[in-house]
Amino acid sequence: DAGVIQSPRHEVTEMGQEVTLRCKPISGHNSLFWYRQTMMRGLELLIYFNNNVPIDDSGMPEDRFSAKMPNASFSTLKIQPSEPRDSAVYFCASSPAGGLGDTQYFGPGTRLTVL
Amino acid sequence: AQKITQTQPGMFVQEKEAVTLDCTYDTSDQSYGLFWYKQPSSGEMIFLIYQGSYDEQNATEGRYSLNFQKARKSANLVISASQLGDSAMYFCAICRTGNQFYFGTGTSLTVIP
């Protein structure tokens, strides 16, 4: 079975440009998560969806970040305008039902560099 | 607030030896889940093992076992018979109701031939 798919794998952009990261969760999984990983702050949860509905976006750093999940098989994380401090690895993860013991399965990540 | 502490930024182990990676947590929840993930240099996050707060037996998955001490709020990962491919970052995470994961800062493990 295919795991979580993320695209692009690498993105290099200039400050001020719009960046869109994409994620396809594992088929049948009802929960989707976006994380950001940096050396300074480690792994941070940005937002998570349950049944396509955003449940908690308290981790979204600021209004420049937005996330959508238009259907069960697709989600986007958009940064507009991007800044150098947004440079990080962005992970998408999905889990089956959102229960306490549900394992989150991670995608390969998107390494974003903002110049 | 949930907090995960991994006090060992770096660990070394001889190949074929066992190693314990420490993890302590702080939560007021009665029900929670504890997870360990491995992140090799290639960057992906790989699920290793899960322990529920009400599980009385320590979880085991192959060479991985979780030494769960609920009263001490610790969930240490034990890797037996270390292999060179075990060299990676290891993250402990706690999951509370609502499926929110909180990760520790990780421990870098290096297996020495």
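So, of the residues in the range B:77-103 that are modelled with pLDDT under 95 and in a loop (DSSP other than H, G, I, E, B), which turns out to be surrounded by the most Cβ atoms within 10 Å (Cβ to Cβ)?
B:ASN99
Being at the interface with another protein chain (Cβ under 8 Å from one of its Cβ atoms), outside any strand (DSSP E or B) and open to solvent by 30 Å² or more (accessible area, probe 1.4 Å) is the filter here, so list the residues in the range B:30-76 that pass it.
The answer is B:SER31, B:GLU44.
What is the one condition in (1) more than 10 Å from chain B (Cβ to nearest Cβ); (2) farther than 23 Å from B:ALA93 by Cβ that A:ARG9 does not satisfy?
The one condition A:ARG9 does not meet is (1).
Could you figure out which of (1) more than 14 Å from chain A (Cβ to nearest Cβ); (2) in contact (Cβ under 8 Å) with a residue 60 or more places away in the chain isn't true of B:ARG96?
(1)
One residue is enough: does the range A:14-21 have a residue meeting the conditions open to solvent by less than 30 Å² (accessible area, probe 1.4 Å), among the small types (Gly, Ala, Ser) and more than 14 Å from chain B (Cβ to nearest Cβ)? Before you say what the answer is, go through the steps one by one.
Within the range A:14-21, the subset open to solvent by less than 30 Å² (accessible area, probe 1.4 Å) is A:19, A:21.
If we keep only those that are among the small types (Gly, Ala, Ser) too, we end up with none.
Checked the range A:14-21: no residue is open to solvent by less than 30 Å² (accessible area, probe 1.4 Å), among the small types (Gly, Ala, Ser) and more than 14 Å from chain B (Cβ to nearest Cβ).
Please find, within the range A:58-68, the residue that is surrounded by the most Cβ atoms within 10 Å (Cβ to Cβ) out of those that are of a type outside the set (Lys, Arg) and outside any strand (DSSP E or B).
Checking each candidate, the answer is A:MET60.
Only one residue in A:TYR90, A:TYR35 is more than 10 Å from chain B (Cβ to nearest Cβ) and either loosely packed, with under 15 Cβ neighbours inside 10 Å or modelled with pLDDT of 95 or more (or both). Which one?
Going through A:TYR90, A:TYR35 in turn, just one is more than 10 Å from chain B (Cβ to nearest Cβ) and either loosely packed, with under 15 Cβ neighbours inside 10 Å or modelled with pLDDT of 95 or more (or both): A:TYR90.
For residues that are without any contact (Cβ under 8 Å) to a residue 40 or more places away in the chain and over 19 Å from A:ARG111 (Cα atoms), scanning just the range A:38-52, find the one that is farthest from the other protein chains (Cβ to nearest Cβ).
Looking at residues that are without any contact (Cβ under 8 Å) to a residue 40 or more places away in the chain and over 19 Å from A:ARG111 (Cα atoms), I get A:ASN52.
Out of (1) without any contact (Cβ under 8 Å) to a residue 12 or more places away in the chain; (2) closer than 20 Å to A:GLY42 by Cβ, the odd one out for B:LYS38 is which?
Of everything listed in (1) without any contact (Cβ under 8 Å) to a residue 12 or more places away in the chain; (2) closer than 20 Å to A:GLY42 by Cβ, B:LYS38 misses just condition (1).
Yes or no: the range A:69-86 includes at least one residue that is among the aliphatic types (A, V, I, L, M), open to solvent by 30 Å² or more (accessible area, probe 1.4 Å) and more than 10 Å from chain B (Cβ to nearest Cβ).
Within the range A:69-86, one or more residues are among the aliphatic types (A, V, I, L, M), open to solvent by 30 Å² or more (accessible area, probe 1.4 Å) and more than 10 Å from chain B (Cβ to nearest Cβ).
Taking A:ILE55 as the residue in question, decide whether it is within 14 Å of chain B (Cβ to nearest Cβ) and either farther than 21 Å from B:GLN39 by Cβ or open to solvent by 30 Å² or more (accessible area, probe 1.4 Å) (or both).
For A:ILE55, the condition - within 14 Å of chain B (Cβ to nearest Cβ) and either farther than 21 Å from B:GLN39 by Cβ or open to solvent by 30 Å² or more (accessible area, probe 1.4 Å) (or both) - is met.
Go through the range A:24-45 and count every residue that is in a strand (DSSP E or B) and either basic (Lys, Arg) or within 19 Å of A:PRO61 (Cα to Cα) (or both). Let's see the steps before the verdict.
We begin by selecting, within the range A:24-45, every residue in a strand (DSSP E or B); these are A:24, A:31-38, A:42-45.
From what's left, either basic (Lys, Arg) or within 19 Å of A:PRO61 (Cα to Cα) (or both): A:24, A:32-38, A:42-45.
The number of residues fulfilling the criteria is 12.
The values are calculated or read from the model by the stated rules, or taken from the named source; none is laboratory data. Since the structure is predicted, the reported quantities are computational estimates derived from the model, not experimental observations. When we count neighbours, we look across all protein chains shown, and the Cβ atoms used for this are built from the backbone with ideal geometry, even at glycine. SASA here: full protein model, heavy atoms, side chains in, ligands and nucleic acids out. Shrake-Rupley method; radii C 1.70, N 1.55, O 1.52, S 1.80 Å.
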